[in-house]
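Here is the structure we will look at.
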Amino acid sequence: MSFEIRHFLSASLISAALALPAAAQDATPVPDAAAPAPAADATTAEAAPAPAAAEPVIQEDLFLGEESAPLTIYEYASFTCPHCAAFHKDSFETLKSEYIDTGKVRFAMRDVYFDQVGLWAGIMARCEPAKFYPIAGMLMDEQSEWLGAQDGAALVDNLRKIGAKAGMTAEQMDACWNDQAQVANLVATFQKNAEEDGIKATPTFMIGGEQVENQPWEDLKAKIDEKLAEAEASSGDAAAPATDAAAPAAN
């Protein structure tokens, strides 16, 4: 059974989701806050309004495969979903070698954030777009190990080790975990995509615009081949030259 989505992360949960990485990685006492600025004289100036929060920016998908591929597949997956990890361990490399690398399929993974831990992992994975798929692969392949941490500090340390293997520095990871604007962007992107596609569980696939639930590879392959044939037939019809309604008259 797939991991069902219970709710979407709220804006208030974004700040809470950032608390553990920041607290676990730095035990240095927080310095006292600076003294507040003196209040403006009410007779000479009005208090400045609080700046409005910026609207989240929907993030572009990170694709594998040729842009000209006839079929596009989106995978909705969570880094804390065991069924997603199983798909990546058992089936993804076959999908990649037989369809993505051969120019038949253009593929993008779309994160689903069930929980704070999944969001932390997603933030780290998307810290450097060029490293997303290598980091995502390690998060899936080593899911049972890094999620097996006994406490928050150990879990963050496990995430750091994965990021380090991908060539990220501790400073880079800290900066991404603390970038609340980008975190809001990622959550808004997740919400928009999942709501538009009616995603209820992970992993779920959108294959040529059709929602397909998680299933054994051979069944998934059959659906990919079906949609690929439809896409290629549609492309062939569109490319066929128009014919004149009447044949030219003979001399």
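The values are calculated or read from the model by the stated rules, or taken from the named source; none is laboratory data. The structure displayed is predicted, hence computed values, not measured ones. All Cβ positions, even for glycine, are placed from backbone atoms using ideal geometry, and neighbour counts span all protein chains on display. These area figures cover heavy atoms from the full protein model, side chains too; ligands, DNA and RNA do not enter into them. Shrake-Rupley method; radii C 1.70, N 1.55, O 1.52, S 1.80 Å.
How high is the FRET efficiency from Gln150 to Ala222, r the C-beta distance, R0 51 Å, rounded to 0.05?
Working: r = 43 Å, r/R0 = 0.84.
My answer for the efficiency is 0.75.
Collect residues whose amide H, placed 1.01 Å from N in the peptide plane, falls under 5 Å from the amide H of Arg110; neighbours closer than 5 in sequence don't count.
Close amide H contacts, sequence-distant or interchain: Glu75, Tyr76, Ala77.
Accessible surface of Lys104 in the full protein assembly, 1.4 angstrom probe, to the nearest 10 Å²?
80
Express in % the proportion of alpha carbon pairs of the range 63-235 at distances exceeding 28 Å.
On the way: 3523 of 14878 pairs.
Result for the distance tail: 24 percent.
Given labels modelled 7 Å from the Cα in the Cβ direction, how far is it in nm from Gln191 to Ile58?
For the pair Gln191/Ile58, the computed spacing is 1.4 nm.
For a paramagnetic label modelled at 7 Å from the Cα of Asp115 toward its Cβ, which residues of the range 143-180 fall within the zone defined by backbone nitrogen distances under 11 Å?
Flagged as within label range: 147-149.
Taking a point 7 angstrom from the Cα of Glu171 along the C-beta vector, which residues in the range 105-135 have backbone N less than 17 Å away?
What the label zone holds, given the 17 Å backbone N cut-off, is 128.
Determine the dipole magnitude for the range 105-228: charges of +1 sit on the beta-carbon of Lys and Arg, -1 on that of Asp and Glu, nothing else is charged, the reference point is the Cα centre, and the result goes in debye to the nearest 20. Don't skip to the answer; put the middle values down first.
Details: 12 positive and 20 negative charges, 57 e Å.
I would put it at about 280 debye.
Sorted by accessible area (1.4 Å probe), largest first, how do Asp111, Asp219 line up? Mind dumping the intermediate values first?
Working: Asp111 10, Asp219 80 Å².
Putting Asp111, Asp219 in descending order of accessible area: Asp219, Asp111.
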